[in-house]
1. Using 19 Å as the cut-off for backbone N distance, which residues of the stretch 182-226 belong to the label zone defined by a point 7 Å from the Cα of Thr142 along Cα→Cβ?
2. Once the piece of chain linking Arg383 and Val272 is laid out straight, how much longer is it, given 0.36 nm per residue of separation minus the C-alpha distance between them?
3. Leaving ligands, DNA and RNA out of it, report the carbon-plus-sulfur percent of the accessible area of the chain at a 1.4 Å probe.
4. For the stretch 34-158, what class follows from the C-alpha gyration tensor (a ≥ b ≥ c being the square roots of its eigenvalues): rounded when a/c is under 1.5, otherwise prolate if a/b is larger than b/c, else oblate?
5. Working out 0.36 nm times the residue gap between Leu215 and Glu286, then minus their Cα-Cα distance, what length gain in nm do you get to one decimal?
6. At 1.4 Å probe size, with every protein chain present, just tell me what the per residue accessible area of the stretch 15-55 comes to in Å².
7. Mind checking the stretch 83-182 for GluC sites (Glu not before Pro) that DSSP puts in a loop (not H, G, I, E or B) and that have at most 16 other Cβ atoms within 10 Å?
8. Run through the stretch 59-130 and list the trypsin sites (Lys or Arg not before Pro) located in a DSSP loop whose Cβ has at most 12 other Cβ atoms within 10 Å.
Amino acid sequence: MPVEFLGIAATNDASETTARSGAAFDKEYTLRLARAHEDHGWDRVLFAYGSGSPDPAPAAAYVAGKLDRLQLLLAHRPNVSYPTFAAKTFATLDQISEGRLAVHFITGGNDHEQAREGDTLTKDERYARTREYIQIVKKAWTAREPFDHEGEHYRFHDFVSDVRPFQQPRPNVSFGGSSPAAYAAGGAEADVYCLWGEPLERTAEQIESVKAAALAAGRTDVPRIQVAFRPIIAPTEELAWEKAHRTVGAIKERRGAGLARRHREGIPQTAVPQNAGSQRLIAIAEAGERYDRALWTPTAAATGGAGNSNALVGTPETVAQALLDYYDLGVDILSARGYDLLGDAIDFGRYVIPLVREEVAKRDAERDAKRDAERDAKRDAERGAGEHDGTRAAPRPQQSLAVVRG
């Protein structure tokens with residue numbers, strides 16, 4: 001199966017290790033970073049959402065108007081707009097980009113962050129709302145006649161949109177989460193299910209949970225799987241590990257300063273994260289620093305399990321092989337984001353992506369050859385069995401040359 005690479009479409013140069021050098025929406029940097037992804041083999045970039053961050057939808061429209069090939073993944077929280085309105089926004093953006101849009105629906109894993117924009121539902125209530133929201137958006141994208149909706153969270157009548165997506169029948173929908181409520185909602189509605197990077201064994205367990213939820217929802221297919229990492233690469237293993245330890249030191253320094261500032265400003269601190277994904281990352285980090293071929297957890301521990309934070313450390317060859325281990329589990333969308341957003345996007349695209357694509361092509365060719373060989377062997381066996389029991393069809397009698405000629 002083809003492999004895809006997802007990067008980040010940040011609107012400024014800030015990261016866990018680097019303070020922002022300019023405005024929150026730095027137009028030149030936004031385009032420069034997106035172009036670096038397009039020019040170095042990435043398939044798509046994520047426009048993330050934060051309560052105080054620049055609105056990702058117009059940022060995505062800006063990039064779509066400047067670049068021709070790069071695909072867009074727009075993050076969206078259901079609490080910030082009504083689903084019919086959001087469906088029109090997405091459809092318009094898909095028209096602007098000529099079919100390069102996908103939408104990532106964020107349920108929200110932190111009550112304080114959600115409350116910043118007026119969302120007071122509990123986590124399980126939010127997952128139920130997100131599921132209903134996605135259903136409405138999908139129908140708004142595809143309905144040709146006005147329709148009503150009477151649900152738990154949304155009610156409206158006689159709606160039909162005059163703007164339809166460029167993609168038919170609709171753009172893809174992605175979703176993430178690591179709780180039973182998340183698996184149920186995403187397993188039912190997502191085209192792509194997004195996970196944070198965990199050890200291979202735990203990732204395999206999560207994939208099975210997603211598949212089970214999809215089947216329980218009555219689906220005949222299952223979502224594609226995306227897994228996200230923070231790559232730390234260098235020309236040698238020694239240099240990569242030196243870089244990794246410097247990275248953790250910078251994360252701790254920046255996070256310490258941020259915690260002190262929030263304490264002074266009276267912003268509440270939460271010792272244990274509320275979302276299951278972050279809790280899993282912390283538990284994995286507490287159990288060990290290194291897993292499998294290259295997974296390293298101190299970056300996640302240093303951030304308190306904040307989002308995509310487990311690293312893959314090593315040379316480009318080592319990191320590429322680690323990513324292929326996940327591909328072999330059934331992961332076909334690989335999300336990666338470095339700490340130097342621009343420089344790491346270029347290096348990863350230049351040195352890692354080609355290695356992974358080459359190996360995936362080899363695996364796919366070997367798989368196809370094996371499938372063809374098995375098919376031929378089965379056909380030959382059936383033909384041989386037919387000859388043995390006399391059921392082989394009799395050959396057609398040959399016509400005489402005279403009959404054929406005339």
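1. 185-193, 214-224
2. 33.5 nm
3. Values: 10120 of 19950 Å².
Here carbon and sulfur together make up 51 percent of the probe-accessible area.
4. Numbers: a/c = 2.54, a/b = 1.37, b/c = 1.85.
The shape class here is oblate.
5. Numbers: separation 71, 0.36 × 71 = 25.56 nm, distance 3.33 nm.
Additional length available on full extension: 22.2 nm.
6. Using a 1.4 Å probe on heavy atoms only, each residue of the stretch 15-55 averages 49 Å².
7. Here the GluC sites (Glu not before Pro) that fit, given the DSSP loop and packing criteria, are Glu98, Glu117, Glu152.
8. On the way: sites: Lys66, Arg69, Lys88, Arg100, Arg116, Lys123, Arg126, Arg129; in loops: Arg69, Arg100, Arg116.
Here the trypsin sites (Lys or Arg not before Pro) that fit, given the DSSP loop and packing criteria, are Arg69, Arg116.
The values are calculated or read from the model by the stated rules, or taken from the named source; none is laboratory data. Just so it is clear, the model here is predicted, and its values are computed rather than measured. Note: ideal-geometry Cβ built from the backbone for every residue, glycine included; neighbour counts use all protein chains shown. In case anyone asks, the SASA skips ligands and DNA or RNA and just uses the protein heavy atoms, side chains included. Shrake-Rupley method; radii C 1.70, N 1.55, O 1.52, S 1.80 Å.
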